[in-house]
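**Q** Structure provided below as structure tokens; questions to follow.
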Amino acid sequence: MLREQIEEVLPGIYRLPVPLKGNPLKELNSYAIRGSGEGEGGKHLLIDVGFRTESCREELLEGLSLLGIQMEDTDILVTHLHADHCGNGPDLIKEGNKIYISRVDGEFILGNGKEDGVAVLHNIRVERLRRNGIQEELIQEMLASTPSKNLAPDRSYRDYTLLDEGDELKAGDYTLKAVYTPGHTPGQMCFEILGTGAMLLGDHVLFDITPNITDWPGMEDALGSYLDSLEKIDGYEVTLPLPGHRKPADFHQRIKALKAHHQRRLEECRQVIKKLGKARLYEITGNMTWKIRANSWDDFPPAQRWFALGECLSHIDHLKKTNQITQHEEGGQIWYEA
Ligand SMILES: [Zn+2]
């Protein structure tokens with residue numbers, strides 16, 4: 001990372017672009033807030049830390065050293081449980097310092113005591129895909145290609161400091177206030193930087209890409225939660241949006257556009273179900289439009305099919321919840337009707 005790639009977005013707050021090699025997201029925006037050196041707000045705060053890879057770690061540490069920031073005096077804050085945001089946390093954190101994450105996402109990462117959270121999630125998701133008629137061979141291919149397994153945080157780290165709505169963190173002269181915005185993940189949080197008009201957004205609002213919304217175990221209607229969270233965040237006066245990927249633009253206009261996007265997708269999904277009659281998940285997903293370079297749905301790379309099926313399920317869940325479609329089950333196999 002070069003010094004000119006680092007942008008000072010507010011006095012003492014820096015955006016560090018961390019390359020995500022081979023990932024369509026291209027880079028993660030990590031943010032560093034310079035600490036004041038003593039007392040409350042004395043430590044630096046690093047927000048979002050990249051995949052658990054050597055290259056993400058090196059890039060980030062290089063950027064920090066250009067700013068004269070050492071991990072010895074730095075706490076970490078992660079906006080949500082996705083590996084590109086939290087993966088490196090345990091490898092970077094030094095003794096006596098904290099990793100903050102929302103209570104909900106933190107508990108997902110910690111898992112159920114026997115298995116880690118990612119494995120628990122995958123098991124539940126796989127069971128759901130089976131009941132929705134997805135072939136076992138495809139399930140195994142998709143599982144082998146999902147990134148979350150090997151890029152996720154070191155499982156032996158258990159010391160996360162869990163945050164709740166309204167909790168405040170001090171870094172330098174700044175105070176960050178936690179705002180729950182569930183949807184992209186069950187416990188995604190945004191952080192208002194009080195008195196500045198700035199808001200750290202994680203992946204809740206992105207500007208030239210659409211945040212992925214998938215189904216989540218324990219969330220009856222993730223897309224509905226996401227739309228509610230867009231409404232919630234729209235109520236804040238945000239003049240400096242700080243997204244987790246790519247560049248920002250007008251905040252309130254983008255929220256409007258994201259809402260309209262999902263309304264269009266919901267209508268498309270409902271129409272596809274209506275057209276198919278006795279509609280199964282695989283065919284519904286394949287009949288929706290996707291911005292992926294492949295000749296047909298069957299040619300989608302497995303990782304892309306995993307995301308597409310999840311996104312489709314989140315739209316199905318919202319249509320179900322709002323009584324626009326009904327779910328039926330016969331012999332352990334689910335189908336939908338509009
Ligand atoms: Zn994410």
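Only the coordinates and a few stated rules stand behind these numbers; no lab work does. Everything numeric in this text was worked out from a predicted model, so none of it was measured. Backbone-built Cβ (ideal geometry, glycine too); neighbour counts: all protein chains shown.
**Q** Can you tell me which of 166, 183 is assigned to a loop (DSSP other than H, G, I, E, B) and without any contact (Cβ under 8 Å) to a residue 40 or more places away in the chain?
**A** 166
**Q** State yes or no: is residue 154 under 14 Å from the mean Cα position of the chain (by Cα), acidic (Asp, Glu) and closer than 22 Å to residue 31 by Cα?
**A** Answer is no for this residue.
**Q** Okay, moving on. Go through the residues of region 103-126 one by one and say whether even a single one is farther than 27 Å from residue 166 by Cβ, crowded, with 22+ Cβ neighbours inside 10 Å and of a type in the set (A, V, I, L, M, F, W, C).
**A** So far as region 103-126 goes, no, none of its residues is farther than 27 Å from residue 166 by Cβ, crowded, with 22+ Cβ neighbours inside 10 Å and of a type in the set (A, V, I, L, M, F, W, C).
**Q** Suppose the filter is surrounded by fewer than 22 Cβ atoms within 10 Å (Cβ to Cβ) and assigned to a helix (DSSP H, G or I); does residue 260 pass it?
**A** Taking the combined requirement at face value, the residue satisfies it.
**Q** Any chance you could count how many residues in region 249-299 are more than 16 Å from the ligand (Cβ to nearest atom) and more than 28 Å from residue 130 (Cβ to Cβ)?
**A** Looking only at that region, the number is 16.
**Q** I've got another one for you. Given the criterion of a type in the set (Ser, Thr, Tyr) and touching a Ser or Thr at 6+ places or on another chain (Cβ under 6 Å), identify the matching residue among 196, 175, 181.
**A** 181
**Q** Quick one: which of 124, 134 is on the phi < 0 side of the Ramachandran plot and assigned to a loop (DSSP other than H, G, I, E, B)?
**A** 134
**Q** Still on this model: Only one residue in 174, 180 is of a type in the set (Phe, Trp, Tyr) and more than 16 Å from the ligand (Cβ to nearest atom). Which one?
**A** 174
**Q** Could you look through region 48-86, keep only residues that are among the β-branched types (Val, Ile, Thr) and in contact with a Gly (Cβ under 8 Å, 6 or more places away or on another chain), and pick out the one that is nearest to the ligand (Cβ to nearest atom)?
**A** 79
**Q** For region 25-57, how many residues meet the condition of being surrounded by fewer than 17 Cβ atoms within 10 Å (Cβ to Cβ), closer than 22 Å to residue 153 by Cα and touching a residue at least 24 places away in the same chain (Cβ under 8 Å)?
**A** Adding up the residues that qualify gives 3.
**Q** In region 282-317, which residue that is of a type in the set (Val, Ile, Thr) and assigned to a helix (DSSP H, G or I) is farthest from residue 123 (Cα to Cα)?
**A** 284
**Q** Check 60, 67 and return the single one that is touching a residue at least 24 places away in the same chain (Cβ under 8 Å), surrounded by fewer than 23 Cβ atoms within 10 Å (Cβ to Cβ) and either under 21 Å from residue 192 (Cβ atoms) or touching a strand residue (DSSP E or B) at 6+ places or on another chain (Cβ under 7 Å) (or both).
**A** The match here is 67.
**Q** Within region 181-197, count every residue that is within 23 Å of residue 121 (Cβ to Cβ) and either surrounded by 22 or more Cβ atoms within 10 Å (Cβ to Cβ) or basic (Lys, Arg) (or both).
**A** Adding up the residues that qualify gives 9.
**Q** Within region 198-213, which residues are within 13 Å of the ligand (Cβ to nearest atom) and surrounded by fewer than 20 Cβ atoms within 10 Å (Cβ to Cβ)?
**A** 209, 210, 212
**Q** Something else about it: Kindly establish whether residue 49 is closer than 23 Å to residue 201 by Cα and touching a Cys at 6+ places or on another chain (Cβ under 6 Å).
**A** no
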